[in-house]
Amino acid sequence: MALMFQRLARNFIKNGYFPTDEETTARILAAVAPSGGPMRILDPCCGEGVALAEAAHHLVAAGQNTVESFAVEYNEERAYHAKTLLDRCIHADLMDTVIQPRSFGLLWLNPPYGDLVSDQVAASAAKWKGRKRLEKLFYERTIGGLQFGGVLVLIVPHYALDREFATWIARHCSSVQVFRGATDQFKQVVVFGVRKPVSEGMDTTARDLLVGIGAGDRQAPVLPEFWDGPHYTIPVAPQGEPKFFTLRLDPKQLADETRRTGPTLWDRFVTTFQSGAREHRRPLRALSRWHLALALSAGQISGAVRSCDGRTFLVRGDTHKEKEVRVEHEVNERTGDTRETRIHLDRFVPVVRAIDFTPGSETFGDVLTIR
């Protein structure tokens, strides 16, 4: 069932929020086609999630494929609205997220527009030679998540395409095409591209085209209502679950993730802690004091132990460090002066403590210490 754009998209500027209008979104999707397998799509600044949700709906309807939608949104209200439409949406600053490289077949990137003003963010872009723009910051942060053969849909104002930005796109992508949006409200252009290895070189024709459009020397054609050229095909997603999380999880999101994944966020919790229940093989020979210290510090000597005479002990091993001070005196025979030297040596002391748990024993509950 198609989404109701007019009610959900709220196509207006709101606190720097530039959502993709309904008509432009529909025309972009007409140029995109699914592959013959499961796909993964990403929007790192998804707003209310409508555009990416519609993209997922379009890909599923066109090829009866499975599509996983991943997104990031900084605004809390919009992020939690997007969570109701998409498979995974993180409420976070994009710069605080971990997105696994080359894991997504479609990168839908309609970033915030404007010059960088924060000293902290501007410092991170000090290596740039062109304008310090938010569009470039978001592109640089997310293009690595697009798998080779994946499709880039970049929606930015035409004047953001300076020579440096155009060079990045031409180096990262092939089959680059540029169109004006269906409306001129935000002076947007839509850049299509197919991700390729940087080693394949730069498409200078595409770079010059982007530079000309950015400078206003050339005008991009309007995005066609009916796409009649070769489609941009979304490739099959790599196997396995991609790394996609934020480094700063707020309590509300933590509760949501816990409910989604089960009793723990750590999928290897049971596997890891069950390893402690494995039976350890006996050593081939008696342990030296050094080997004993290593075994104790590694936690290998612990748990319930039954002695040869049938008694049961709960054992816990540990190793601590003690300082040993040695004082040496040296007399200068010529002057008669005495020099005192203090030498501090670290000595590792293995300690085993055990509680007697032998039922009915007179020593039941006694604590034994072996040093």
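Key figures for this structure:
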read-out	value
Among the candidates 220, 255, 182, residue that is assigned to a loop (DSSP other than H, G, I, E, B) and under 30 Å from residue 66 (Cβ atoms)	182
Looking only at region 92-101, and only at residues there that are assigned to a strand (DSSP E or B) and out of contact with any helix residue (DSSP H, G or I) (no Cβ under 7 Å at 6 or more places or on another chain), the one that is most open to solvent (accessible area, probe 1.4 Å)	98
Region 64-91: number of residues that are part of a loop (DSSP other than H, G, I, E, B) and among the hydroxyl-bearing types (Ser, Thr, Tyr)	3
Members of region 68-80 found to be touching a Pro at 6+ places or on another chain (Cβ under 8 Å) and either buried (at least 24 other Cβ atoms within 10 Å of the Cβ) or of a type in the set (D, E, K, R) (or both), listed by number	68, 71, 72
Selection within region 31-58 - surrounded by fewer than 17 Cβ atoms within 10 Å (Cβ to Cβ) and within 25 Å of residue 228 (Cβ to Cβ)	35, 36
Those residues of region 218-242 which are surrounded by 12 or more Cβ atoms within 10 Å (Cβ to Cβ), of a type in the set (Gly, Ala, Ser) and within 20 Å of residue 106 (Cα to Cα), in sequence order	237
Region 163-186: number of residues that are at pLDDT 95 or above and closer than 14 Å to residue 113 by Cβ	1
Residue count, region 298-311 (criterion: open to solvent by 80 Å² or more (accessible area, probe 1.4 Å) and in contact (Cβ under 8 Å) with a residue 12 or more places away in the chain)	3
Residue among 16, 63 that is on the phi > 0 side of the Ramachandran plot, small (Gly, Ala, Ser) and at pLDDT below 90	16
Test: residue in region 314-334 that is among the hydroxyl-bearing types (Ser, Thr, Tyr) and either modelled with pLDDT of 80 or more or touching a His at 6+ places or on another chain (Cβ under 9 Å) (or both)	no
Unmet criterion (only one of (1) in contact (Cβ under 8 Å) with a residue 60 or more places away in the chain; (2) open to solvent by 20 Å² or more (accessible area, probe 1.4 Å)) for residue 104	(2)
Which numbered condition residue 61 misses (of (1) open to solvent by 20 Å² or more (accessible area, probe 1.4 Å); (2) part of a strand (DSSP E or B); (3) small (Gly, Ala, Ser))	(2)
Sole exception among (1) open to solvent by 30 Å² or more (accessible area, probe 1.4 Å); (2) hydrophobic (A, V, I, L, M, F, W, C); (3) more than 21 Å from residue 33 (Cβ to Cβ) for residue 165, by number	(1)
Neighbours by Cβ (under 8 Å, 6+ apart or cross-chain): first from region 321-332, in contact (Cβ under 8 Å) with a residue 24 or more places away in the chain and under 21 Å from residue 294 (Cβ atoms); second open to solvent by 100 Å² or more (accessible area, probe 1.4 Å) and outside any strand (DSSP E or B)	none
Unmet requirement for residue 140, which otherwise passes all of (1) in contact (Cβ under 8 Å) with a residue 40 or more places away in the chain; (2) surrounded by fewer than 18 Cβ atoms within 10 Å (Cβ to Cβ); (3) under 29 Å from residue 69 (Cβ atoms)	(1)
Of all residues in region 188-217 being touching a residue at least 40 places away in the same chain (Cβ under 8 Å), assigned to a strand (DSSP E or B) and β-branched (Val, Ile, Thr), the one that is most open to solvent (accessible area, probe 1.4 Å)	194
Set 94, 137, 116: member being over 21 Å from the mean Cα position of the chain (by Cα) and modelled with pLDDT under 95	116
Residue under evaluation residue 185, criteria (1) touching a residue at least 60 places away in the same chain (Cβ under 8 Å); (2) crowded, with 22+ Cβ neighbours inside 10 Å, criterion not met	(2)
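So that you can scan it fast, the table gives a plain yes or no per residue for (1) of a type in the set (Lys, Arg); (2) touching a Lys or Arg at 6+ places or on another chain (Cβ under 7 Å):
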| site | (1), (2) |
| --- | --- |
| 182 | no, yes |
| 198 | no, yes |
| 213 | no, no |
| 230 | no, no |
| 248 | yes, no |
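The values are calculated or read from the model by the stated rules, or taken from the named source; none is laboratory data. This one's a predicted model, so the numbers in the text were calculated from it and none came from an experiment. As a convention, Cβ positions derive from the backbone with ideal geometry for all residues, glycine included, and neighbour counts pool all protein chains shown. Areas reflect the complete protein model, heavy atoms only, side chains present, ligands, DNA and RNA absent. Shrake-Rupley method; radii C 1.70, N 1.55, O 1.52, S 1.80 Å.
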